[in-house]
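These notes concern the structure reproduced below.
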2 protein chains.
Amino acid sequence: MAFFNRKDIDELEKYYKINLINSCSGFKSANLLGSISKEGNTNVAVFSSVTHLGSKPPTLGFILRPTTVPRNTHKNLKETGVFTINHIWEDVIEDAHHTSASYPEHISEFKVTNLEEEYKGNFKAPFVKGAPVQMAMKFVEEIHVASNNVWLIVAQIEELYVDDKILKEDGLINLAEGNIATINGLDTYAIPKFKQQLSYQRPKKM
Amino acid sequence: MAFFNRKDIDELEKYYKINLINSCSGFKSANLLGSISKEGNTNVAVFSSVTHLGSKPPTLGFILRPTTVPRNTHKNLKETGVFTINHIWEDVIEDAHHTSASYPEHISEFKVTNLEEEYKGNFKAPFVKGAPVQMAMKFVEEIHVASNNVWLIVAQIEELYVDDKILKEDGLINLAEGNIATINGLDTYAIPKFKQQLSYQRPKKM
């Protein structure tokens, strides 16, 4: 096996290092976060760090690095208190990834890609039309991770839309049936194939 | 599309709700965390919340819910300051998932499954033998998320082992080539197939 100790990692060439360390945690969620500024400028940006924090209340989190691009998302969600999370599916991977480019705030990524805005009910932030899972999110708190100077953004689910075809009787959203993508590292996309559903595990009798 | 507002979610039957909210964030990492108590009892447990926090220093985090099972991992990593992260691959999914059963501390999941302990160099905590990615981790800090009463455990990578066959020239670990699994919800496993590697995105000329 290839081996890297901490000193090796710290001394790696910059792009090799970010590819390596971004891909070593395993497969990541592939989401588009939709938001709108108080002036009405929309934004949509790819994120790969959305993580389940709890079901009661229904809470998700994502990581924001001060030094990376998608800061309009953060500015907008702080201004309005809301944003959307939309799953990336196979057909839109290239447009979804392009939202990582750094556009000035007045140019919406919805204008420069084929991704389409969708508004539902009274919710202020734009959803991504066609996404098999769409969530209306309310900002709750942001927590500083001092050792690494990143922020954990915590938000609760206000509304959840799921394609009927992938919602199962037990509440599982079968993501593979929706051709939903996963992100590997910074720029690599994969499409998972369903393998098996197991059950709640109890200790074996010995 | 199926629609749930916050009131609908809060009123869902318990198991339907945890399936739904655990699967709505997207695909998750599939890892086995290996640890050892100060008395020498080993533990290995499945986690689906390991997330990249940064590359400089190389930092990962995971979420610990006080009310869920794998607390021996937490006790051990606080006692010794170290643990391992090992990727779950296709051949070991059933044994990996079985580690979510609640065993008393003196019964190691390495004994009741076919997962095998592996020790490397002077690192105290056990790795999972055969895993295509293995990491020696040093505990750094734990951060309370008050709104939801969960903890973000922050750790740095001390040593990284990667199967040579899946480590690419640009530093990408091609997880799909290692038949590495992803978790969908609480108990469903999928195997991603490589789709495409894109590049660093710059704004389009307009």
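Values as computed for the structure displayed
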{"quantity": "Which numbered condition residue B:83 fails, given (1) over 22 Å from residue B:176 (Cα atoms); (2) within 7 Å of chain A (Cβ to nearest Cβ); (3) aromatic (Phe, Trp, Tyr); (4) in contact with a strand residue (DSSP E or B) (Cβ under 7 Å, 6 or more places away or on another chain)", "calculated": "(2)"}
{"quantity": "Test result for residue B:97, touching a residue at least 12 places away in the same chain (Cβ under 8 Å) and open to solvent by 40 Å² or more (accessible area, probe 1.4 Å)", "calculated": "no"}
{"quantity": "Every pair of residues 6+ apart whose Cβ atoms lie under 6 Å, when the first sits in the stretch B:102-120 and is on the phi < 0 side of the Ramachandran plot while the second is part of a helix (DSSP H, G or I) and surrounded by 14 or more Cβ atoms within 10 Å (Cβ to Cβ)", "calculated": "B:105/B:72; B:113/B:95; B:113/B:98; B:114/B:95; B:115/B:95; B:117/B:110"}
{"quantity": "Residue identified as modelled with pLDDT of 95 or more, under 25 Å from residue A:85 (Cα atoms) and out of contact with any His (no Cβ under 9 Å at 6 or more places or on another chain) among B:31, B:5, B:22, B:43", "calculated": "B:5"}
{"quantity": "Residue check, residue B:51 open to solvent by less than 30 Å² (accessible area, probe 1.4 Å) and more than 8 Å from chain A (Cβ to nearest Cβ)", "calculated": "no"}
{"quantity": "Residue tally, condition more than 19 Å from residue A:150 (Cβ to Cβ), within 11 Å of chain B (Cβ to nearest Cβ) and not hydrophobic (A, V, I, L, M, F, W, C), over the stretch A:12-48", "calculated": "3"}
{"quantity": "Candidate set: the stretch A:176-194, residues that are in contact with a Pro (Cβ under 7 Å, 6 or more places away or on another chain) and open to solvent by less than 10 Å² (accessible area, probe 1.4 Å); chosen: the one farthest from the other protein chains (Cβ to nearest Cβ)", "calculated": "A:180"}
{"quantity": "Hey, residue B:7 open to solvent by 20 Å² or more (accessible area, probe 1.4 Å) and either of a type outside the set (Val, Ile, Thr) or within 25 Å of residue B:113 (Cβ to Cβ) (or both) or not", "calculated": "yes"}
{"quantity": "Residue match in the stretch A:103-112 (condition: within 7 Å of chain B (Cβ to nearest Cβ) and crowded, with 17+ Cβ neighbours inside 10 Å)", "calculated": "yes"}
{"quantity": "Qualifying positions in the stretch A:20-44 - in contact with an Asp or Glu (Cβ under 7 Å, 6 or more places away or on another chain) and surrounded by fewer than 24 Cβ atoms within 10 Å (Cβ to Cβ)", "calculated": "A:37, A:38, A:41, A:42"}
{"quantity": "Checklist (1) in contact with a helix residue (DSSP H, G or I) (Cβ under 9 Å, 6 or more places away or on another chain); (2) more than 7 Å from every other protein chain (Cβ to nearest Cβ); (3) acidic (Asp, Glu) applied to residue A:118, failing item", "calculated": "(1)"}
{"quantity": "Any hit, the stretch B:62-73, residues being surrounded by 15 or more Cβ atoms within 10 Å (Cβ to Cβ) and at pLDDT 95 or above", "calculated": "yes"}
{"quantity": "Per-region count, the stretch B:141-157, residues facing chain A (nearest Cβ under 7 Å), within 18 Å of the chain's Cα centre (by Cα) and buried (at least 19 other Cβ atoms within 10 Å of the Cβ)", "calculated": "4"}
{"quantity": "Residues (touching a Gly at 6+ places or on another chain (Cβ under 7 Å) and among the charged types (D, E, K, R)) located in the stretch A:22-72", "calculated": "A:65"}
{"quantity": "Among residues of the stretch A:158-167, those that are of a type outside the set (Asp, Glu), farther than 30 Å from residue A:71 by Cβ and at the interface with chain B (Cβ under 8 Å from one of its Cβ atoms), counted", "calculated": "1"}
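The values are calculated or read from the model by the stated rules, or taken from the named source; none is laboratory data. What you see is a predicted model, and the numbers here were worked out from it, not measured in a lab. All Cβ positions, even for glycine, are placed from backbone atoms using ideal geometry, and neighbour counts span all protein chains on display. Side chains included, ligands, DNA and RNA excluded: accessible areas come from the protein's heavy atoms. Shrake-Rupley method; radii C 1.70, N 1.55, O 1.52, S 1.80 Å.
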